[in-house]
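First comes the structure, then the notes that go with it.
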Amino acid sequence: MNQPRRDTLLPGDQLASVVSSLYADAEELDWEHQPPAERTRQYARWIRDDRVGGILTRYMTAEAARSWIKDGPMKEFSRARRGAGRYAEFGEATGTSPEDVVRHALGDDWRIGGRVGVKPFHCEAAHSGERAFVVWGPAPNFRHLVWAALRWAVDHSGRAVVVVTDLPERPTPEGEAAWHKKVAERCGLEIAHMRERLSSARRSGAGGVR
């Protein structure tokens, strides 16, 4: 059974309750920096949690519910926090917009042209007849950011800029940032690091981590 069909099994209000609870817990847990082993343990906790598994297992098996959590809402969590993706309405979008990223990477005079893409976040921007490609995301996705920038640069003329976004409380360590710069220079790309402004995804009435 594929992901969208699992979504449709749940009444809308129950889907919203489950996803809101997942995202409130994920904020408390600093999910984007949790190691795989801890994420695995948390999936099991959620299945035992009445707010999550207690609802999901009315409509699917516990194994299917775990898969739904992992490959659905939690796979989309990072994008939802930034106002994008299927569960964006539950993510309380960040205060950092694509326009903010472009200004940080290129300067105040550049404007986004066309749509903003995801997986990873990216866009084209223009100024005075010049064109640039900007791709951004967290440090763990650095190789994907570089690959996206290289693919654009092969087929287009213009600047290709990788922006590594840091959570406010977790700047990229100096050594890692220096390595990012070396890789970008070797690939003929520009590189920048940027602190995001993230608003909390927690909603009133959420129960918290169990």
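Cut-off 10 angstrom, C-alpha nodes, Gaussian network model of the chain. Which of G129, G113, G53 fluctuates the most?
Highest fluctuation among the options: G129.
List the aspartates and glutamates whose Cα lies under 13 Å from the Cα of K75, skipping any in the same chain that are fewer than 8 positions away.
Reachable aspartates and glutamates: E32.
Can you give me the pair-distance distribution of region 18-128, C-alpha pairs, 10 Å bins, whole percents?
13, 37, 26, 15, 8, 1
Sorted by packing (mean other beta-carbon atoms within 10 Å per residue), highest first, where do 167-177, 18-28 land?
Details: 167-177: 12.7, 18-28: 23.5.
Final packing ranking: 18-28, 167-177.
Indicate, rounded to the nearest 5 percent, the antiparallel portion of the DSSP beta bridges found entirely in the chain.
If we restrict to bridges inside the chain, about 50 percent are antiparallel.
Quick one: which residues, 5 or more positions from F121 or on another chain, have an amide H under 5 Å from its amide H? H modelled 1.01 Å from N in the peptide plane, none for Pro or chain starts.
W136
Name the residues whose placed amide hydrogens come within less than 5 Å of the amide hydrogen of R195, ignoring near sequence neighbours (fewer than 5 apart) on the same chain.
D166
If you stretched the chain out fully between R103 and S128, how much longer would it get, using 0.36 nm times the residue separation minus the C-alpha to C-alpha distance?
Extending this stretch completely gives an extra 7.5 nm.
Please work out the FRET efficiency for the pair E63 and D155, using the Cβ-Cβ distance as r and a Förster radius of 30 Å; give the result to the nearest 0.05. Numbers along the way, then the final one.
Numbers: r = 43 Å, r/R0 = 1.43.
For E63 and D155, the calculated efficiency is 0.10.
Can you tell which of M74, M60, M194 shows the greatest fluctuation in a Gaussian network model of the chain with Cα springs below 10 Å?
In the Gaussian network model the winner is M60.
May I ask what percent, to the nearest 5, of DSSP beta bridges between residues of region 98-195 are antiparallel? Numbers along the way, then the final one.
Working: 12 of 24 bridges.
Taking every DSSP beta bridge with both residues in region 98-195, the antiparallel ones total about 50 percent.
Rounded to two decimals, what is Rg over Rh for the chain when you use alpha-carbon atoms and the Kirkwood radius?
On the way: Rg = 18.9 Å, Rh = 18.5 Å.
That ratio equals 1.02.
For K182, list the lysines whose Cα falls under 24 Å from its own Cα; do not include residues on the same chain fewer than 8 positions away.
By straight Cα distance, K182 reaches K119.
Mind checking the full-extension length gain between R197 and R143? Use 0.36 nm per residue of separation minus the Cα-Cα distance, one decimal, nm.
Numbers: separation 54, 0.36 × 54 = 19.44 nm, distance 2.31 nm.
Value of the extension gain: 17.1 nm.
Here, each number is a calculation from the coordinates, and none is a lab measurement. Keep in mind it's a predicted model, so treat the numbers as computed, not measured. All Cβ positions, glycine included, derive from the backbone under ideal geometry; neighbour counts span all protein chains shown.
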